[in-house]
Structures are given as structure tokens and as C-alpha cells.
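> Following this message is one structure expressed as C-alpha cells.
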Amino acid sequence: MLAVALAAQTVITPPNNRYSIAEDLQLGQQAATQVEQQLPLMRDDEVTSYVEGVGRRLVDAIPPSLQRAEFKYTFKAINVREINAFALPGGPMYVNRGMLEAARNEGEVAGVMAHEISHVVLRHGTAQASKATKYEVGSIVGAIAGAVIGGRLGTVVAEGARFGLGASFLRFGREYERQADIEGAQIMARAGYDPRDMANMFQTIQKQSRGSGGPEWLSDHPDPGNRSEYILKEAQSLRVEGAVRDTGGFEQLQMHLKRLPPAPTTEEATRESKARGTRPTISGAAPAGSVEPPSPRYTQYAEGERFRVSVPSNWRELPGSSAVTFAPPGAYGTVSGQSVFTHGVELGISRNETHDLQTSTEELIDSLARGNPGLRRASGYDAISFAGRRGLRTLLSNRSAASGELETIELYTGQMRDGSLFYVLGVAPTDRFRDYAGVFDRIVGSLRIND
Ligand SMILES: [Zn+2]
């Protein structure tokens with residue numbers, strides 16, 4: 001039967017974290033509410049009880065040193081086609097139907113779920129947020145929800161975490177991925193699964209990603225390098241023998257899924273949730289009334305030594321967004337719980353895997369476009385000098401889905417020393433843009449980054 005040798009296994013230490021356990025729970029619950037408003041849960045007993053069964057088995061196998069009585073693990077299936085799964089801080093986990101359909105046995109399903117559970121027990125979501133400055137994240141709920149809901153398709157991302165910052169914000173880095181792989185392998189072994197099935201599932205996902213669309217899971221959980229190799233090595237040290245591939249029900253589950261009407265794509269599903277009116281609204285939508293013109297006097301905002309920027313003195317710093325926004329009175333408000341603005345600037349950091357400046361900028365524009373179907377390029381790139389570094393400036397136009405109004409967006413991008421992308425978005429209605437272009441230039445000209 002099963003034998004698990006504990007001595008040789010790799011010890012994983014959770015990264016530093018400025019958040020409390022209670023905050024993990026709270027943030028996860030808030031993000032879960034958004035997820036469940038926007039994505040179609042499978043309310044199908046056979047599917048739910050299967051996913052819960054595998055999930056419980058894994059949770060029971062979390063090593064005692066990492067168990068948290070406060071965490072509430074829940075397991076739900078989402079009726080969408082993409083191969084994906086995600087877990088939120090404090091325990092809510094979601095498995096896409098596409099993942100259940102692509103797996104070849106229960107061990108593979110368990111592999112992905114064990115990886116996700118490991119992100120939760122190691123508290124990677126809030127550990128990642130602990131590294132952020134307020135210029136990256138004001139309220140991380142939108143960022144978490146954006147990262148998990150939107151992934152690469154991100155129709156909801158740009159709205160949950162305005163303009164798509166969240167999409168890249170909580171995508172984990174290589175070290176957290178490696179930790180989740182190793183911890184996940186150990187949890188699998190303790191639960192009686194063969195950790196090698198995790199490596200197999202990652203290969204299945206990789207094969208699928210060569211097809212059109214490509215699984216979102218890989219872009220949210222990038223391969224730290226040699227993924228299969230070190231998982232297999234860890235599996236050896238765990239010496240699992242006679243592991244279960246199927247605790248019962250996997251084949252029945254897949255047959256059951258085949259009898260159901262095919263799952264929609266995430267994009268189709270979120271479009272439907274928009275039609276039902278549950279989707280929050282984007283920029284350019286709501287605020288009514290007159291907008292004060294920008295004051296000719298400027299006020300400096302600073303965050304410690306890291307950032308300084310000057311904005312017209314009648315503009316306010318808006319809380320609750322995933323980046324920092326400055327906007328004049330009358331130009332901002334709240335729609336469906338999301339803060340929106342029609343005139344102003346947003347500053348943020350997009351943590352991409354390192355690329356050259358133009359590639360990173362194009363990725364950012366793509367993520368904006370996924371959340372804003374009316375977004376178009378309106379110019380090429382101008383090379384500029386930006387916060388003491390080389391930068392790019394480009395114009396975009398967007399027809400607001402909500403108000404139908406045309407807005408112009410001036411996007412400035414530059415790179416931080418660590419390769420992540422720093423951006424400033426200036427937004428104004430197109431018919432007023434001429435009055436704002438000089439203001440955006442002056443704001444960008446005042447920006448200092450100490451990295
Ligand atoms: Zn991961």
C-alpha cells in the first residue's frame with residue numbers, strides 16, 4: 001500500500017506577509033462574491049460533490065504546520081470551457097468544467113487542485129499584495145477578482161480592477177509557483193495521490209495551449225522552469241507507491257459532462273452576466289454634472305521616497321481602485337460598487353514577465369481592449385523621456401459601453417528597474433481632450449520614480 005517517506009521532502013516556508021489571517025478571509029470572500037456574480041457556477045450535484053470530494057481529501061492532507069482553522073475551503077465548478085482553476089485567499093476554490101474535461105484521471109484533477117490549495121495555505125495572494133505599494137494597489141479585492149476571473153480573456157478584469165492592472169498584478173512569480181508545485185506534490189502524496197499526476201496534468205495543459213486560445217492556467221501560473229523535472233524529483237523523495245488514480249467516480253463524471261450541453265467560453269459567459277445586468281460598469285460611465293476645469297496650480301503627492309507626482313490642486317486622489325487615480329470634482333463616482341472616472345489620470349504598475357518596453361506596452365493595451373470592446377489605437381508610438389527614463393506615448397480612443405461617449409486615452413509607459421511596466425493613463429472625453437493634453441503632459445513631466 002501507500003508509503004510516504006517524510007524525511008527527504010523539501011521544506012517550504014510561506015513568504016513574508018503583512019496581512020492578517022482575517023484579512024485573507026475577508027478579501028477572499030469579497031472576491032468570491034464578485035466571481036459568483038460574474039461566472040456561471042455549475043449547480044449540478046454530481047459535479048459539485050465530485051469536486052468537493054477531491055478537495056476535502058486534499059485539505060485533510062495539508063501538513064499540520066500549515067493548517068489554519070480559520071480558513072474555509074469551498075470547492076465549486078464553473079461552467080466554462082477553458083482549462084483553468086483558481087483559489088482565493090482564505091479558501092474559496094473554483095475549477096472550470098474545461099479542466100475536468102481535459103484531465104485524464106482523478107490524480108490530474110487533484111494535481112491542479114493541490115497546486116491551488118498550496119497558494120492558499122502559503123498565503124501567496126496577500127504575500128504578493130504585501131510587496132505592493134499603494135501605486136500598485138489600493139484595494140486588492142478588484143485585483144484578486146480581476147486576476148482570477150479575467151485571466152487572459154479578462155472581459156471582467158478591466159472592470160473589476162479598472163483597466164486591467166489586476167490581470168497581471170496577482171499572477172504569481174516563479175518562486176511562488178515553485179512553492180505551490182512542491183507543497184502541492186506533498187499534499188497529494190499525503191492524500192494518497194501520485195504527485196507525478198500533477199506533472200502529467202501540466203503537460204496536458206501545455207499541449208492544449210498550443211491550440212487556439214491557450215489555457216489561461218499557464219499564464220496565471222507560469223512555469224518556473226524544469227517544472228516536470230523537480231515535481232518528479234519531489235515525487236521520488238515522497239516515495240508514493242500504490243497511489244490512487246481514481247477514488248471512484250471520475251469516469252462517471254466525464255460521461256456525465258459529455259451529456260451536458262457544451263460549456264460556453266468565459267467570454268461568452270461573462271457577456272451573458274452583463275446582459276443580466278450584474279456586471280460592474282467601466283470608466284466613462286456614470287458621473288453626472290459639470291466637471292471643474294483643471295486648476296492652474298499643482299499639488300505634489302508623494303509616497304515615501306519612491307514616487308512623486310504633481311497634479312492640478314483641485315484634483316482628488318481616489319481611494320478604492322487598483323491603481324492611484326487623480327480626478328477633478330464632478331468627474332468621478334461609483335457605479336455598481338466600482339469607482340469610475342471620466343476625466344483624470346491613473347498611475348499604476350503592471351507586473352509582466354519582463355519584455356522590452358513596446359511588447360509590455362502592447363500587452364497592457366491588449367488587456368485594456370479585452371475589458372473595453374470599444375477601445376481602438378488612435379496613433380503610433382512617440383518616443384519620450386519619462387521619469388528619467390526612455391518611455392513611449394500613444395493615443396487610444398474608447399467608446400464607453402455604458403454611455404456611448406467617445407473618450408481619448410493618452411497612455412505613457414516606461415519600465416521600472418525590475419522590468420515591470422509603469423504606466424500613466426490620461427482620460428478625457430474626446431471633445432474636451434485638447435483642454436487636457438497639456439495637463440497630462442505636465443503631470444507626466446512631474447513624475448519621479450526612485451527605483
Ligand atoms: Zn500557481
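Read-outs: derived from the displayed coordinates by stated rules, not from any lab. Worth saying up front: this structure is predicted, and the values here are computed from it rather than measured. All Cβ positions, even for glycine, are placed from backbone atoms using ideal geometry, and neighbour counts span all protein chains on display.
> For residue 20 and residue 265, what does the FRET efficiency come to when R0 = 51 Å and r is the distance between their Cβ atoms, rounded to the nearest 0.05?
So, using R0 = 51 Å, E works out to roughly 0.85.
> Please give the net charge around residue 398, taking every other residue with its beta carbon less than 10 angstrom from that of residue 398, where Lys and Arg add +1 and Asp and Glu add -1.
Result for the local shell: 0.
> Follow-up. Give the shape of the range 8-127 as rounded, prolate or oblate, defined through the alpha-carbon gyration tensor: a ≥ b ≥ c are the square roots of its eigenvalues, a/c under 1.5 means rounded, and otherwise the shape is prolate if a/b is larger than b/c and oblate if not.
Note, shape of the range 8-127 comes out oblate.
> Let me ask another. 5 Å is the cut-off here: which amide hydrogens, built 1.01 Å from N in the peptide plane, fall below it relative to residue 378, excluding neighbours closer than 5 in sequence?
Those qualifying (amide H under 5 Å, at least 5 residues apart or on another chain) are 395, 396, 397.
> Could you line up 48, 394 from fewest to most neighbouring Cβ atoms inside 10 Å?
Listing 48, 394 from fewest to most nearby Cβ atoms yields 48, 394.
> What does the charge add up to near residue 25, with Lys and Arg as +1, Asp and Glu as -1, over the other residues with Cβ less than 15 Å from its Cβ?
Its environment carries a net charge of 0.
> If I model a spin label as a point 7 Å beyond the Cα along the Cα-Cβ vector, how far apart are those points for residue 104 and residue 399 in nm?
With each label placed 7 Å out from Cα toward Cβ, I get 4.8 nm.
> Mind checking the full-extension length gain between residue 29 and residue 406? Use 0.36 nm per residue of separation minus the Cα-Cα distance, one decimal, nm.
That pair, residue 29 and residue 406, stretches by 132.2 nm at full extension.
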